[in-house]
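Heads up: the structure comes next, in structure tokens.
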Amino acid sequence: MSNTHARAPRPVESERIPLKPRKVSFSWEDTPLHWVPGDPFTTHTINVLHLLLPAGERWFVHVYKQVLPYIRDDRLREDVIGFIGQEAMHSQAHDEVLPHLKEQGLDPTPYTAQVDWLFEKLLGDRTLPPGRARRWWLMERVALIAAIEHYTAFLGDWVLNAEELDRRGADPTMLDLLRWHGAEEVEHRSVAFDLFMHVDGGYARRVRTWATAFSALVFLWQRGARFFMANDPTLLDGKATFKDFHVRGRRGVLPTTGAMVRSIPRYLSRTYHPSQEGSTEQAVAYLASSPAALAAEKGGA
């Protein structure tokens, strides 16, 4: 494992807050199929989160439980345990949307089966002898999670500031799910990267796993959007194109392609640290007002 890389700066102490899972719950019976009114494409592009995240975040938890013995810093261990609790809750919350989609005529099973295969088989545990090979595969997956978390924090920051969704009358329950989740992604945005830097930190691995993660996310997202648009029972010829995404980004209801492209060199910079992205203060403020998070707090979560 190379130790010749430049160490990324650590976040300032005032940015560090204890991470805790919030046992939220959501009621979906009043959420319409097109929860962004009159905009199936935006609805379904964001709905892809419900297809990817349950399996993906279960995989995060599985990998991180394996890496706990490698952590030699008590504070980082505490953060990783808090991260595991939050990610498990995210997986459950998005999973609970899927029966609602099925009731509305959108059965996600054909797509989620492929996603499950990706995380459980392709990126799952391999029969490797103890030692270097097993450690290599574990560190590769830790680095992949750090790259993915760069984009979950990017999306979390975006949705916290996506006021155009409110102006378009987006369903408040879905917005609360997205913003609760997004706020927690911003809240714990440094954990995956700090863990990677702690147990490995090799720059070549960071670049390689970023390329893998970015390519996989783009591929899976466009497949998911096309799946939803093609299977939406209310659409005669539903299609999803890159132009549709670009246009919605300019309207403010999806992230802009420019912002996504600019996020790439930030992550690949040798001086990158996730604390440079988003605002902990804004995330904590949202979590203090989120209807679901407040209900969880009252329930003793």
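The values are calculated or read from the model by the stated rules, or taken from the named source; none is laboratory data. These numbers come from a predicted model, not from an experiment. Quick reminder, even Gly has a Cβ in these numbers, built from the backbone with ideal geometry, and neighbours come from all protein chains shown.
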Open item on the list: Looking at (1) at pLDDT 95 or above; (2) small (Gly, Ala, Ser); (3) surrounded by fewer than 12 Cβ atoms within 10 Å (Cβ to Cβ), which one does Gly85 not meet, given that it meets all the others?
Closed with: (3)
Open item on the list: Given the condition out of contact with any strand residue (DSSP E or B) (no Cβ under 9 Å at 6 or more places or on another chain), polar (S, T, N, Q) and either closer than 25 Å to Tyr64 by Cβ or surrounded by 18 or more Cβ atoms within 10 Å (Cβ to Cβ) (or both), answer yes or no: does some residue in the stretch 249-266 qualify?
Closed with: yes
- [ ] Give the residue that is nearest to Lys65 (Cα to Cα), with candidates limited to residues of the stretch 168-220 that are touching an Asp or Glu at 6+ places or on another chain (Cβ under 8 Å) and of a type in the set (Val, Ile, Thr).
- [x] Val191
TODO: Could you list all residues from the stretch 44-71 that are within 13 Å of the chain's Cα centre (by Cα) and more than 11 Å from Ile145 (Cβ to Cβ)?
DONE: Ile46, Asn47, Val48, Leu49, His50, Leu51, Leu52, Leu53, Pro54, Ala55, Arg58
Open item on the list: Tell me whether the stretch 232-240 contains one or more residues that are of a type outside the set (Lys, Arg) and in a helix (DSSP H, G or I).
Closed with: no
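Being crowded, with 20+ Cβ neighbours inside 10 Å and without any contact (Cβ under 8 Å) to a residue 40 or more places away in the chain is the requirement here; does Val159 meet it? Break it down into steps so the answer makes sense when it comes.
Values: crowded, with 20+ Cβ neighbours inside 10 Å: yes; without any contact (Cβ under 8 Å) to a residue 40 or more places away in the chain: yes.
Spelling it out, Val159 is indeed crowded, with 20+ Cβ neighbours inside 10 Å and without any contact (Cβ under 8 Å) to a residue 40 or more places away in the chain.
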Task: the stretch 190-226, residues that are closer than 21 Å to His50 by Cβ and buried (at least 21 other Cβ atoms within 10 Å of the Cβ) - done: Gly224, Ala225
Open item on the list: Given the criterion assigned to a loop (DSSP other than H, G, I, E, B) and either closer than 28 Å to Arg132 by Cα or free of Cβ contacts under 8 Å to residues at least 60 places away in the same chain (or both), identify the matching residue among Arg77, Arg72.
Closed with: Arg72
TODO: Collect the residues in the stretch 108-123 that are loosely packed, with under 14 Cβ neighbours inside 10 Å and either of a type in the set (A, V, I, L, M, F, W, C) or in contact (Cβ under 8 Å) with a residue 12 or more places away in the chain (or both), keeping them in residue-number order.
DONE: Pro110, Ala113, Trp117, Leu122
Task: Residues of the stretch 266-301 satisfying the condition of being over 21 Å from the mean Cα position of the chain (by Cα), free of Cβ contacts under 8 Å to residues at least 60 places away in the same chain and part of a helix (DSSP H, G or I) - done: Leu294, Lys298
Open item on the list: Let me confirm something: among Val159, Val199, Val142, Val191, which residue is within 19 Å of Ala292 (Cα to Cα) and at pLDDT 95 or above?
Closed with: Val159
Task: In the stretch 250-265, the residues that are touching a residue at least 40 places away in the same chain (Cβ under 8 Å), within 25 Å of Ala213 (Cβ to Cβ) and not aliphatic (A, V, I, L, M) - done: Pro255, Ser263
Open item on the list: Please go through (1) surrounded by fewer than 21 Cβ atoms within 10 Å (Cβ to Cβ); (2) out of contact with any helix residue (DSSP H, G or I) (no Cβ under 6 Å at 6 or more places or on another chain); (3) closer than 22 Å to Val186 by Cβ for Ile46 and return the number of the only condition it doesn't satisfy.
Closed with: (1)
